[in-house]
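For reference, the structure is listed below as structure tokens.
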Amino acid sequence: RAQQKRGQVFAHLVDMESRHEHEKIEVDAVASRRLPGVLGTERRHQSLQIMRQRVSMSLQQVATTFQRGKNKSPGKKKHSLKIWDRFETVSFPNEESKDWHHTSQVMETRQNWCRAALHTRLITWLLPGLIGFLTASSGVLIEKVSDRLNGVLFGYCTSNAFADPAECRASGSWVNWWGNGSLGSQSWPDYLQGWMFYVLLATALASFSATIVRFFAPTARGSGIPEVKTILGGFVMAEVLEFKTLVVKVVGLAFSVSSGMALGKEGPLVHVACCWANFCSKLSPRYMQNEGKRRELISTAAAAGVAVAFGAPVGGVLFSYEEVSTMFPQKTMIRAFFAAVVAALTLLWYNPTGTGKLTMFEAFTPDMPSIYEFPWFVALGVMGGILGALFVHWNIKVSAGRAEGTAFRRRVPIIAEVAAIALLTALTSFPSTYTRELSPVTIRALFHSCDDFAEARPVSQDMMGLCDGPEPLLSLSLVSSLVIASALRFLQMTITFGTGVPCGLFVPSLYTGACLGRCLGMFVRWLNAYFGFAMAVVHPGVYAMVGAAAVLGGVCRVTISLVVIMYELTSALQLIVPFMLAVLTAKWVGDLFTHGIYDCCIRLRGYPYLHEPDDFTFGTRACDIMDEELECVCADAGSLGDLLRQVSDTQFGGFPLVRSPSDRTLLGYVHTQQVRSHLENLLSTGSVGTDIPVIFGRFLQEKRGGAVDLSKLVDETTLRIVPETPLAQVHNIFRQLGVKLVLVARFGHLAGMITKKGFVDHLHEGHIGHVAKDPVVEGIEPLDETSREGMGEEHIRVPNASAGLRSDPAAPLLEP
């Protein structure tokens, strides 16, 4: 708009000068015919001469202002860059080219070709395997430490303070805080004493976790999956994957899980695995110096993290592909599968559960559900979608209300917030048997059926009052207890997720769905006993598993990977179809109200993540959102000092290269970092000075002698599009090709540029829409192919600088 306004002023002044020139001609003609009026005419000529001088001065000022305006970036672009200046964009094609040059250089410099091949190829398998091993080791460490710390909430071991609580109870050395015997048989003073110890110790564990996160690694809070998605989407986030974040994440996660808060360790384990990937990338120059190759490692690490969290290697690969990764080629998929296999084998070797099995909640389900039970599974999917949408809505509201800079955060420090949440959680969880223990213990009991304890369930497995001998207990008191427990855990996880400790939502979501699914299964079993609509036996544990998958699917909106994870988690192959039905229904219902929790967190935290294309982008074009006022570099770039000052003081990652200020012919793109490094190296050698001219000689007809030629630094492969390109296509270019920017050109002339950050900013802020006129081709009638073929090159004239200003200086003027 500013450019168009300047053009209008410029055209108005040109019109004034033209009218004055015609008036001068007319006055001269009159003077030649009427000699007596010569004196008056001379005075008129003098006044016109003064006016023309003033107009010329005004024209020069406007031209200078316009030329300066062309070298400045628009306010909208500066605004978007200012928001996301801490996020550096990664260009995947450039990183791939850099990796090819690095590999070729290694092959050429090493005399032994076989050793060079092993150095460049074998490392691509060794690092994923190492990541899988380290992630599994971290997961086992967190599991062991959290179990022992959680035991402190209930008592202590007299023989060995660091012994496993289960082993200590078996040896008779365990002392409860409330005294001997079960908690239900204690008097009120002893019961309150046990409650007090439980609340105080749980609050202390959570506060310690919040303290180390607050002061040592603030990026370790939360699950870390939104940050990992943003990084894999092509952006660099400082400190998210650093080693100190890894250490704080592991320690803080062990303490927060052991406190009994409504959170899980499964999501944060993905973040832990990605931190290990960033650490291992520094072991090889090929990965350390290449952001694209590093993201391949991070994608493989995400698969290893899920494999460790659930004992689901195949589900981990699918989760990395479906939910986390943006670029996931086949070579990355194979290495992700290898990392997940190594992680699973490492878990089997450690055997943290003592059962020798990889699955976390293995349940024996002998019968295939009847076809008459499938409507109930659909009902569980609807319930899961509604609960997931409610959780996303309320959690985002809570997170927005306690974000940095809000009135709540100014009054309440984040450590005090975590302590208050832990205190409230402990106070409300202790009275119920189903919420007092860690969530995986209750989920394991809910998944089991009462008639399989002799075959698949260990003898020590506690069914927590869900069974009446070999039959499931069907009572209103049990149903009310499970409903209250699920509602309580749902509210707890709503205020807990996103607080100042490492926390995930997989286990709380599974817990909520398992409780409600078990209740529905008890109702269907009671109903089938009266009406006999299902020939097979109705197992409430099956409904618990399907309900858990439905709620988790409603929260996260993952589908295929979640079905495979649930199968690997429970070893219930015959429940594949119920899982698919419930998860798909939960996604459909949830999408009617909100997006998934991770996408909403990304939007809330202001991360520049590019989501999948939507239908609304099909109605707009590249010219609607492109930045037209660009700071460019000319083929004759001036002196070395001026160019170095320009690339050193700028915040942009590069500049379009044009032929001259008046000729906007697009020649390529120069990257700021490469030019700055090259010029600084030249100055450090002392062979050149700052006053030496700098050119891009390949694009000049006449080269100046003694000038520094930077033609080799020009990137001519930068993607170019026409102004009419639909934004749906631009969206796919950014997401699927992983480019950093695209240049908009018309007949070889630079018309504008669209950066990935700017594109995401337009999507987030809703700037994309229809325009009445095309600023690129305004005033040009569209030509069909027949008309274009019948015109020769002599009929196409590109206006020069004196031809007036247009809304698009790159658009040619077609004349017959």
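The values are calculated or read from the model by the stated rules, or taken from the named source; none is laboratory data. Bear in mind that the values here come from a model prediction, so they are computed numbers and not experimental data. Backbone-built Cβ (ideal geometry, glycine too); neighbour counts: all protein chains shown. These area figures cover heavy atoms from the full protein model, side chains too; ligands, DNA and RNA do not enter into them. Shrake-Rupley method; radii C 1.70, N 1.55, O 1.52, S 1.80 Å.
Applying 1/(1 + (r/R0)^6) with R0 = 60 Å to the Cβ-Cβ distance of Phe162 and Asp367 gives a FRET efficiency near 0.85. Across segment 349-355, rounded Karplus estimates of 3J(HN,Hα) from the backbone phi angles (6.51 cos²θ - 1.76 cosθ + 1.60, θ = phi - 60°) give 5, 6, 6, x, 8, x, 9 Hz, Gly and Pro being marked x.
For Ala170 and Leu573, what is the calculated FRET efficiency with R₀ set at 35 Å and r taken between the beta-carbons, to the nearest 0.05? Numbers along the way, then the final one.
On the way: r = 34 Å, r/R0 = 0.96.
So, using R0 = 35 Å, E works out to roughly 0.55.
When nucleic acids and ligands are ignored and a 1.4 Å probe is applied, Leu491 ends up with an accessible area of around 100 Å². On full extension, the segment bounded by Thr685 and Arg645 gains 12.6 nm, given 0.36 nm per residue less the C-alpha separation.
Can you quote the Å³ per residue value for the convex hull of the Cα atoms in segment 261-397, rounded to an integer? Kindly include the intermediate steps, with their values, before the conclusion.
Details: hull volume 24.0 nm³, N = 137.
In segment 261-397, the Cα convex hull volume per residue is 175 Å³.
How much FRET efficiency would the formula 1/(1 + (r/R0)^6) give for His678 and Met288, where r is the Cβ-Cβ distance and R0 is 30 Å, rounded to 0.05? Calculated transfer efficiency: 0.85.
Just the protein heavy atoms count here, and of the accessible area of segment 381-509 at 1.4 Å, carbon and sulfur take up 68 percent.
Note on Gln105 and His393: their simple-model spin labels are 5.6 nm apart, each label 7 Å out from Cα toward Cβ.
With a 1.4 Å probe and all protein chains left in place, how much accessible area per residue does segment 144-245 have, in Å²? Don't skip to the end; give the middle numbers.
On the way: 4760 Å² over 102 residues.
Each residue of segment 144-245 exposes 47 Å² on average to a 1.4 Å probe.
Placing a label point 7 Å from the Cα of Met237 along the Cα-to-Cβ line, the residues of segment 301-337 whose backbone N sits under 20 Å from it are 301-307, 309, 319-328. Measuring with a 1.4 angstrom probe and ignoring ligands and nucleic acids, Trp376 comes out at about 70 Å² accessible.
Counting only protein heavy atoms and a 1.4 Å probe, tell me what percentage of segment 207-292's accessible area is made up of carbon and sulfur. Please list the in-between numbers first.
Numbers: 1600 of 2370 Å².
On segment 207-292, the fraction of accessible area on carbon and sulfur atoms equals 68 percent.
Amide H contacts of Asp715: Tyr669, Val670, His671, each under 5 Å away and 5 or more positions distant or on a separate chain (H built 1.01 Å from N in the peptide plane; Pro and chain starts excluded). Taking all protein chains into account, the per residue accessible area for segment 272-358 stands at 35 Å² (1.4 Å probe).
Counting 0.36 nm for each residue step from Leu200 to Ala407 and taking away their Cα separation leaves a gain of 71.7 nm.
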